[in-house]
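Each remark here refers to the structure printed beneath this line.
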Amino acid sequence: MSGLLSGLEQFGLSGLENMDLYEKPKREAAAKTAEEQVIQEQDFLFDKTFTCPICDKEFKSRTVKIGKAKLIGTDMDLRPKYEHVDLLKYDIIMCPSCGYAALSRYFKFITSPQAKRIKEIISSKFKPITVQKDIYTYDEALERYKLTLANAIVKMAKPSEKAYICLKTAWLLRGKGEALDKKAPNYEEEKKKVNAQEKEFLKNALDGFLAARQSENFPMCGMDEPTVDYLISVIATRFEQYDVASKLISQVIASPSVNPRMKDKARDLKEQIIKEIRVKNAAK
């Protein structure tokens, strides 16, 4: 090291020739740093206070910190995937006192007749929840989504809202399937069960969005018309409803307002539809 620092004696620093250029980290310090870097699901969450529009009681709900989670990709049907945490598990706001539950974007928006129906049909029978969880398992989150869907049916929500709940429930189930322990003895059985549930919710999401498209205005569930048409096309393709998928995806490709990324996705889907139709016809 004396070569790198030789000549410093002119500054009166002749004793520095033997300093290490790159200090070797101590093993204990390195181990501690690695331990500190372990990221847990609760690191992305905090308790947010809400006031229930049904019973007027305040309660806290686990909520994801804005900007904390990192998006790492999306599935073909636009399901978002984040690093270290599944945000879908925390998109339901549920009052632990009266049982009112809704997706976060819909929680505050409820009419007096809807509130009355929820009080009569859900709140009158609901058993209050006293234990609050730091994190939700997939099964706990699934229960919250099912309660949300029940609330939506009771309050006679628009088809788009019910379809969106079904879509997000399907996404949640997909996440559950991916999180299953592949080494567990009952893995294949559980995976088959979860896949069947996901398929059922996806089919209901498709039916709901098709109905909403005929009766509601855009934006729908925060999505513009091309995005909804793309989404419907993806799900319709999964259920081999190629006539629906082909018609809508062609409209997405032809639309001048669609951004290049969405158009690329639409073209890929169009090619997939063509291939699947060819395979299906060849099998006849």
Inset, instruction - Tell me, please, whether a residue that is surrounded by 11 or more Cβ atoms within 10 Å (Cβ to Cβ), modelled with pLDDT of 95 or more and part of a strand (DSSP E or B) can be found in region 134-142. - result: no
Legend entry - Hits in region 61-96 - residues which are farther than 14 Å from TYR136 by Cα, assigned to a strand (DSSP E or B) and either modelled with pLDDT under 95 or not hydroxyl-bearing (Ser, Thr, Tyr) (or both): LEU71, ILE72, GLY73, PRO80, LYS81
Inset, instruction - Scan region 162-171 and give yes if some residue there is in contact (Cβ under 8 Å) with a residue 24 or more places away in the chain and aromatic (Phe, Trp, Tyr), otherwise no. - result: yes
Legend entry - Given (1) aliphatic (A, V, I, L, M); (2) more than 30 Å from LYS265 (Cβ to Cβ); (3) under 17 Å from the mean Cα position of the chain (by Cα), number of the condition ILE110 does not satisfy: (3)
Inset, instruction - Search region 149-159 for residues being in a helix (DSSP H, G or I) and over 17 Å from the mean Cα position of the chain (by Cα), and hand back the single one that is surrounded by the fewest Cβ atoms within 10 Å (Cβ to Cβ). - result: ILE153
Inset, instruction - Would you check which residues across region 33-60 are β-branched (Val, Ile, Thr) and either modelled with pLDDT under 95 or assigned to a helix (DSSP H, G or I) (or both) and list them? - result: THR33, VAL38, ILE39
Inset, instruction - Can you work out which of the residues in region 160-186 that are of a type in the set (S, T, N, Q) and in a helix (DSSP H, G or I) is farthest from LEU87 (Cα to Cα)? - result: SER160
Inset, instruction - Would you tally the residues in region 177-218 being crowded, with 18+ Cβ neighbours inside 10 Å and of a type in the set (Phe, Trp, Tyr)? - result: 2
Inset, instruction - Could you look through region 40-83, keep only residues that are over 19 Å from LYS133 (Cβ atoms) and of a type in the set (A, V, I, L, M), and pick out the one that is surrounded by the most Cβ atoms within 10 Å (Cβ to Cβ)? - result: ILE54
Legend entry - Single residue of LYS116, LYS125, LYS146 found to be closer than 30 Å to ARG238 by Cα, of a type in the set (D, E, K, R) and either at pLDDT 95 or above or part of a strand (DSSP E or B) (or both): LYS146
Inset, instruction - Would you check which residues across region 58-76 are under 14 Å from PHE107 (Cα atoms) and not polar (S, T, N, Q) and list them? - result: GLU58, PHE59, LYS60
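For region 104-128, which residues satisfy the criterion of being within 19 Å of ILE66 (Cβ to Cβ) and surrounded by fewer than 19 Cβ atoms within 10 Å (Cβ to Cβ)? Can you show your working first?
Of all residues in region 104-128, those within 19 Å of ILE66 (Cβ to Cβ) come to 104-108.
SER104, ARG105, LYS108, listed by residue number.
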Inset, instruction - Within region 184-202, identify whether any single residue is in contact with a Phe, Trp or Tyr (Cβ under 7 Å, 6 or more places away or on another chain) and at pLDDT 95 or above, and answer yes or no. - result: no
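The values are calculated or read from the model by the stated rules, or taken from the named source; none is laboratory data. What you see is a predicted model; the values in this text were computed from it and never measured. Reconstructed Cβ throughout: ideal geometry from the backbone, glycine too, with neighbour counts over all protein chains shown.
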